[in-house]
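Working notes for the structure below.
The values are calculated or read from the model by the stated rules, or taken from the named source; none is laboratory data. What you are looking at is a predicted structure, and each value in this text was computed from that prediction instead of being measured. Here the Cβ is made from the backbone with ideal geometry for all residues, glycine too, and neighbour counts use every protein chain on show. These area figures cover heavy atoms from the full protein model, side chains too; ligands, DNA and RNA do not enter into them. Shrake-Rupley method; radii C 1.70, N 1.55, O 1.52, S 1.80 Å.
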Amino acid sequence: PKPRQPHVTRLHSHFSGTMAPQAAEAPREASCSPGAVSANGCVSPASLDIQLEPNLSKQTITKPEAASIAARGDDVAIEADLEEAATEAPEACRPADDAAVPLRRSRQQSSTQLAGMLIGAVLAAMALELWLMCLPTVPLYFDKLYFGVALVFQAVMAVASLPVPAGGICGVEGTTLRRVRSLLLDVAHWAFVVMTFGGAVVLRAPESLLFEAGMAGASLVFRLTMRNTCIITSVAQTSSLPNISGRQVTRVFLILFVVTVFRLILQAVFGRGFPWDQIIDAVAGHTLS
C-alpha cells in the first residue's frame with residue numbers, strides 16, 4: 001500500500017494569534033477558517049474547529065498535548081474549547097460593554113445635572129414673573145398678560161424636565177414617557193424663543209424690560225459656559241427649531257440683550273413706556289393700564 005503522507009494541523013495560539021511550530025519536512029494543511037486571526041492579533045473562537053483523536057475530548061485535552069500531537073504529524077486535528085478560547089482571549093478582543101457602562105452612567109449624570117439646572121432657572125424666572133405681576137406699576141396690557149402666558153409654558157418646561165424612570169410610571173413604558181417629555185420640552189422651547197424675542201418689543205414697563213434683559217443675559221451665560229449649546233435642547237435631546245449653528249444663536253441672543261438695553265435707555269430719555277405708551281396716548285387719548 002502507498003504510505004500515508006503525514007501532515008500537521010495548524011494551531012492558533014489563544015493569547016497572541018501566532019501559529020504553533022510545525023514539522024520541517026511535513027506539508028502544511030490548515031484546518032482553521034480564513035480570517036481567524038484579525039488585524040490586532042485576536043483569534044476568533046468560532047474559527048477554532050479542529051478534530052480530536054479518538055481517545056481525547058474537549059474536556060481532557062490540554063495545550064501541551066495539543067502541541068505534541070501536532071509535532072508528531074499524526075493524521076488528527078484538535079478541537080479547542082471555544083468557551084476557554086473566549087475567556088483567555090486578549091482584552092483588546094473582548095467586547096467593550098463593560099467599558100461603555102461608566103460612559104453611559106456619566107452621560108446620565110450629566111443629563112440629570114443639566115435638568116436640575118434648567119428646573120432651577122425656570123423656577124427662579126417664575127418667581128420673578130409672579131413678583132412683577134403683583135407690582136401696580138406694571139401695566140396689564142401687555143406685560144401682565146405676557147407674564148401669565150409665560151408662566152404656563154414655564155410650568156410645562158419645569159415638569160417635563162424632571163427625570164423619567166427607566167421602568168416607566170403607572171404602566172406607561174419609559175420610552176413612551178421620554179418621547180412625551182421631549183415633545184413637551186420642544187413645545188416649551190418654541191414658546192420660550194418666541195416670547196423672549198417678542199418681549200423685547202411688546203413689553204412696556206421698565207421693570208419688565210429689566211427682567212427681559214436678565215433673561216437674555218442668563219441665556220448668554222448658559223450658552224457660553226456650555227460651548228454655544230442650548231440647555232433646553234440638551235435636556236430634551238431633540239429640537240424642531242431651525243438648524244442654525246450654535247455661534248449664530250449666541251450672537252442672536254447677544255443682539256436681543258443689546259436691543260433690550262437700548263429700549264431701557266430710550267425710556268430713560270423719552271419717558272416710561274416709550275414708545276408704546278406715547279403711541280397709545282396719541283391714538284386713544286389715554287394711556288392703557
Estimated vicinal HN-Hα couplings, Hz - segment 156-168 in sequence order (Karplus 6.51, -1.76, 1.60; Gly, Pro = x)
4, 5, 5, 5, 5, 7, 5, x, 9, x, 5, x, x
At a 1.4 Å probe radius, which order do 164, 194, 235, 252 fall into by accessible area, largest first?
194, 252, 164, 235
Descending accessible area (1.4 Å probe), largest on the left, turns 254, 209 into 254, 209
How large is ³J(HN,Hα) for each residue in segment 252-269, as worked out from phi by the Karplus curve 6.51 cos²θ - 1.76 cosθ + 1.60 (θ = phi - 60°), to whole Hz, x for Gly and Pro?
5, 5, 5, 4, 4, 4, 5, 4, 5, 5, 5, 5, 5, 5, 4, 5, 5, 8
Which order, highest average first, do 278-288, 138-148 follow once you tally other Cβ atoms within 10 Å for each residue and take the mean per peptide?
138-148, 278-288
